[in-house]
Every structure is written in C-alpha cells, then in structure tokens.
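Quick notes on the structure that follows.
The values are calculated or read from the model by the stated rules, or taken from the named source; none is laboratory data. None of these values were measured; they are calculated from a predicted model. Glycine also receives a Cβ, built like all others from the backbone with ideal geometry; neighbour counts cover every protein chain displayed.
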Amino acid sequence: KMSRRGPQEPPHLPALPVIGSLLSLRSPHPPHVHFKELQQKYGQTYSLMMGSHSVIIVNQHTHAKEVLLKKGKTFAGRPRTVTTDILTRDGKDIAFGDYSATWRFHRKIVHGALCMFGEGSASIEKIICAEAQSLCAVLSEAAAAGLALDLSPELTRAVTNVVCSLCFNSTYCRGDPEFEGMLHYSQGIVDTVAKDSLVDIFPWLQIFPNANLHLLKQCVSVRDKLLQKKYDEHKADYSDHVQRDLLDALVRAKRSAENNNTAEISAESVGLSEDHLLMTVGDIFGAGVETTTTVLKWAITYLIHYPQVQRCIQEELDSKVGGDRSPQLSDRGSLPYLEATIREVLRIRPVAPLLIPHVALSDTSIGDFAVRKGTRVIINLWSLHHDEREWRNPELFDPGRFLNSEGTGLTIPSPSYLPFGAGLRVCLGEALAKMELFLFLSWILQRFTLSVPPGHSLPSLEGKFGVVLQPVKYKVHAMPRPGWDRNKCQHLFEMNC
Ligand code: HEM
Ligand code: PLO
C-alpha cells in the first residue's frame, strides 16, 4: 500500500561511487540467475547502481506487466550504451533505438513488409518449407554416412535463408564464403554487444573491455560491408512496381519521402537516412537469425535429454499428419503437444532472459515504488519463468503444463510468461519465429530421431549468457525413422512443390 509520505524508493543494494553495486553483484552465476537469487534479500523489485546508472530489477509478473503494458509508453525508452551505439550507429535501429517518431515509423515499415509475405508464391510458409527440406537432406546424408553432426551451422543456415529471403530476396548455399563470414561476425557481435552496460561490470564474466570493443568493431565493420552491398544492389535495380523484400520496402519509403517535398515528412525528419535503413534491416537480419536458431538449438537439446517427449511428438505427427506428406502451417491446430513443447522451451530457456533494458521517460512508479526519469528497468524474464509461486517444479522440462487436463488443447497456465515481451516494445518477429519453430521441428521429427552419438554424454543445459542465452556446442546423431530413407525424403518434397 502507498504510505502517507508518498511512493518510496525500492530497496537498494549497497553502492559505492564509480563501481556502483559491483561488490554485491559478485556471483558464480550468470546475471539473470543472480538477480533472481537477490530477491531473497531485497524483495521482488529492487534497485542497484551500475556504475553511475540507477537500475531497477523487476522479478515478478505484475510489476513486469505494469512496466510493459499499463505504463508501456512511459517505459518505452532504451538506454544508450557504448556497445549498442557501435552496433547501431548511435541507436538508429529499432531494438536499441530510443522511443521516437523514427522508431515508430520503422516498426511500421517492417511490420508491413513482414505481412506482405503472408500469401502468394513467395509466402513465408513456402520459403520455410524449402529450407526445412534442404536441412533434412543434410541430416539424411550425414545419417547415411554414419556421421554425427554439429547442427548449429545447419540450423543457422536454414534460419538465415528464411530472413535473407525476407530482407534481401536471396539465400545462401552450403559453404558460401559470405555465409561463413556472417556466422563468424554474428557470433562475435553476440559475444560482445551489451557487455559494457550489463555485463562488463560483472567480474565473474572475466571480460577485458578493450579487447571486446576491438572485436565488436571488427565484426560490425564486416557486417556493415555486407549490409551496404545488399543496399547498393537494391538501389541499383529498384522499381516502384515490385516490392521483393524488406529492403525494397525501406528504399520505397525513403524515395517517396524524398519526392514528397511539399509534405512535412522529409527523409531526414522521419529517419530515412541511409544509416537508418541499414540499421533497421541489420536488426531484422540479426534478430531473425540469432533468436530462432537459438530456440531451435535449445529445443533439440531438450528433446535429446527427454526422448519420451520426442516420442510423444512423433506419435502425434504420425497420427495427425502421417507419412505421405510433410507438415504444413495448417497442421498447427492439430499438433498441440508439439506447440506445448515449443512453449515450454521458450519458458525454460528464454532467448532474452533480461529482455532489452527499458528506460523511464518521465518520473513514474512501479507498484508502490517511485521511479525517477532516466532510470533503467530490467525485466528479469528468467525470474518470471522460474517463479515457484507460479510454476510447479519450474526447473523441470514438462510440455504437459501447457496442455489442458484432457491433453487435447493448449493453455497458458500462468500469467508469469512473456517469452516475446509485451506492449510497445513487443518482439516484431513473434509470428515469424513461431512459424519457423513449428515447421522446422515438425519436419525434422517426422523424419528423424535425435540423440547424442553412442558413448557421448548429454549436452549441458546451462547455456552461455550473452545478448542471447545460447546452448553449448555438441554433436547430434540423426537416425532416420522407419521408412524415411533419403529417397523418400526427396520424392515427397518433389511431390509437394
Ligand atoms: C525484441 C524475443 C524472434 C525482431 C524482442 C524482445 C524479446 C524478443 C524478449 C525484447 C522485448 C523488450 O525489450 O521488451 C524473441 C524470441 C524470438 C524472437 C523469443 C524467437 C523465438 C525474432 C525475430 C525477429 C525479431 C525472428 C525478426 C524478424 C525483434 C525486434 C525487437 C525484438 C526488431 C525489438 C523491438 C523494439 O525494441 O521495439 N524479441 N524474438 N525477433 N525482436 Fe524478437
Ligand atoms: C545478434 C547479432 C547480429 O549480428 C546483430 C543483432 C541485431 C539485433 C539483435 C540481435 C543481434 C540479438 C538478439 C536481439 C536483436 C534485437 C532483438 C533481439 C537483441 C545482436 C532480442 C532477443 O531482444
């Protein structure tokens, strides 16, 4: 309840000048786990100093929803940090850009471009299925040769080709040097970005900021060359009559703003400079690749740990889809156990366990706590998804918790579940990501049973904390299911397309 003296400051971790609350933040655990533990001592919502910045950590769903939904506009800001400024040319992108007319405009363009792919010959479904087919072909070949495979590059290529089609109307073949380069720079960025604001003041991560910044700058410059090349190509053969992809949609918006001299909107005023265009498409490309790939890797890691879950999904696929055709999006409604498994993976290993930090744009409050303008707010999704009051046995991987009591339909058993965030800053790729997860996993599990090679130990479930929470690397043995040899896979594909 509100006290008579008005809203109080939230409980505060001890803080020293310069390093802030650094001494209280020493822990062998990654930040999201440590922030969850600190609740024992400070309560569910508390504040601390990161260097000179005041930060509030939110560990419960009611406060999280107040920040994201009820007061969404007040908390729609983003902090500027050294590393994200390098990545996004001082916040000229969507994800790390502050709340502004430009940000709103770019979200709208991206949203429109993603919707454009709903139907027609270049539909997202067709694009994803073509990649699923090619992924399964690689697994078949490895299986025929008796090889175990690190699935990471294969999954990354499949997912990359989907966003590449959407962003640039192009795809990569296996072994394409440009793709290999992208794998390398993107991992470099994931490992280093956001490490100054959140992470480089955490000593347990053993970071050397300068080496980090150097690597980040190098990787960003490789990425920027790739983006620039795509942009120049699109500018060269741009036509008002066809819109092939997101980049065309952005170029069109820029041109129409430039031609529209009478209107108040000029390219500069709505943020349609070349920098803005490149950073927006860079965001979608980067987010499109790293998030979905990471979830697929977590899903496979858990399926290997829980073969009974894998069997359940396969039985569902056998009875609802059968063996004479491949799964399609319209099967989603009849495969609840697979959907439940995807939901459980997103719960137990959220891609962005701390979302992206939000910033209060004016003086406000969270619950009974006063919050000053400029305060950073970190929503600890890890705490929400592992809250013992909301989830029975939160550490247990149990897709069944997302099924109704008859096991025939889906539910969300707790309001403490926000894998894509919520409100103004909600993920822009949620629908796309869900289509990809469903199609890739259903195609793979219809054809293969996944396990670690004989004699290998199970992959770790811990994960490596960075701007996304990634599983470790390991080799997978993909055993074709009865009747699913190489010829059948190929034949079925040719029939369907
Ligand atoms: C933001 C999750 C896939 C594009 C976010 C946020 C989360 C999230 C938690 C932060 C919300 C916040 O800060 O409040 C996920 C998950 C994905 C996924 C779990 C996969 C399963 C994608 C894909 C795309 C995408 C495929 C691209 C098409 C974005 C963008 C933002 C964002 C642009 C920034 C939004 C903004 O700040 O306005 N996502 N995402 N995401 N996501 Fe995703
Ligand atoms: C991933 C590496 C790329 O090279 C650049 C990039 C752009 C957008 C980022 C993404 C990275 C990581 C995941 C992020 C995404 C924007 C939204 C998404 C942070 C750094 C999430 C999960 O919030």
Checklist entry - With respect to the numbered conditions (1) modelled with pLDDT of 95 or more; (2) in a loop (DSSP other than H, G, I, E, B); (3) of a type outside the set (Phe, Trp, Tyr), which one is the sole condition not fulfilled by residue 271? => result (1)
Checklist outcome for this item: Within segment 387-431, restricting to residues that are charged (D, E, K, R) and part of a loop (DSSP other than H, G, I, E, B), the one that is surrounded by the fewest Cβ atoms within 10 Å (Cβ to Cβ) is 406
Item to check | Failed condition for residue 384, given (1) buried (at least 19 other Cβ atoms within 10 Å of the Cβ); (2) in a loop (DSSP other than H, G, I, E, B); (3) in contact with a Ser or Thr (Cβ under 9 Å, 6 or more places away or on another chain) | outcome: (2)
Checklist entry - So how many residues does segment 95-141 have that are surrounded by fewer than 17 Cβ atoms within 10 Å (Cβ to Cβ) and closer than 27 Å to residue 488 by Cβ? => result 6
Checklist entry - Does residue 334 qualify as being out of contact with any helix residue (DSSP H, G or I) (no Cβ under 6 Å at 6 or more places or on another chain), of a type in the set (Gly, Ala, Ser) and surrounded by fewer than 22 Cβ atoms within 10 Å (Cβ to Cβ)? => result no
Item to check | Near pairs, Cβ below 7 angstrom, 6+ apart or cross-chain, from segment 416-438 (within 21 Å of residue 246 (Cβ to Cβ)) to any residue that is among the acidic types (Asp, Glu) and within 7 Å of ligand 1 (Cβ to nearest atom) | outcome: 420/430
Next on the checklist: Of the conditions (1) within 16 Å of ligand 2 (Cβ to nearest atom); (2) among the hydrophobic types (A, V, I, L, M, F, W, C); (3) under 30 Å from residue 149 (Cβ atoms), residue 313 satisfies every one except a single condition; which number is it?
Outcome noted: (1)
Next on the checklist: Kindly evaluate residue 274 against the criterion of being out of contact with any His (no Cβ under 9 Å at 6 or more places or on another chain), away from ligand 2 (no atom under 15 Å from the Cβ) and more than 30 Å from residue 235 (Cα to Cα).
Outcome noted: no
Checklist entry - When segment 82-94 is examined, which residues are found to be surrounded by fewer than 21 Cβ atoms within 10 Å (Cβ to Cβ) and either β-branched (Val, Ile, Thr) or within 14 Å of ligand 1 (Cβ to nearest atom) (or both)? => result 82, 86
Checklist entry - Restricted to segment 469-489, and to residues that are under 13 Å from residue 304 (Cα atoms) and surrounded by fewer than 19 Cβ atoms within 10 Å (Cβ to Cβ), which residue is nearest to ligand 2 (Cβ to nearest atom)? => result 475
Next on the checklist: Suppose we filter segment 126-180 for residues that are among the hydrophobic types (A, V, I, L, M, F, W, C) and away from ligand 2 (no atom under 16 Å from the Cβ); how many remain?
Outcome noted: 20
Next on the checklist: Name the residue that is nearest to residue 160 (Cα to Cα), counting only residues in segment 172-194 that are away from ligand 1 (no atom under 16 Å from the Cβ) and of a type in the set (Ser, Thr, Tyr).
Outcome noted: 172
Item to check | Hits in segment 432-468 - residues which are more than 9 Å from ligand 1 (Cβ to nearest atom), of a type in the set (A, V, I, L, M), surrounded by fewer than 22 Cβ atoms within 10 Å (Cβ to Cβ) and under 23 Å from residue 163 (Cβ atoms) | outcome: 435
Checklist entry - Within segment 1-106, which helices (runs of 4 or more DSSP H) (wholly inside it) include 2 or more residues that are touching a Leu at 6+ places or on another chain (Cβ under 8 Å), of a type outside the set (Asp, Glu) and at pLDDT below 95? => result 31-37, 82-88
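Run down 466, 483 and say which single residue is on the phi > 0 side of the Ramachandran plot and in a loop (DSSP other than H, G, I, E, B).
Step by step, each of 466, 483 is checked, and only 483 is on the phi > 0 side of the Ramachandran plot and in a loop (DSSP other than H, G, I, E, B).
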Checklist entry - If residue 231 satisfies every condition in (1) outside any loop (DSSP other than H, G, I, E, B); (2) among the hydroxyl-bearing types (Ser, Thr, Tyr); (3) modelled with pLDDT under 85; (4) surrounded by fewer than 20 Cβ atoms within 10 Å (Cβ to Cβ) but one, which is the exception? => result (3)
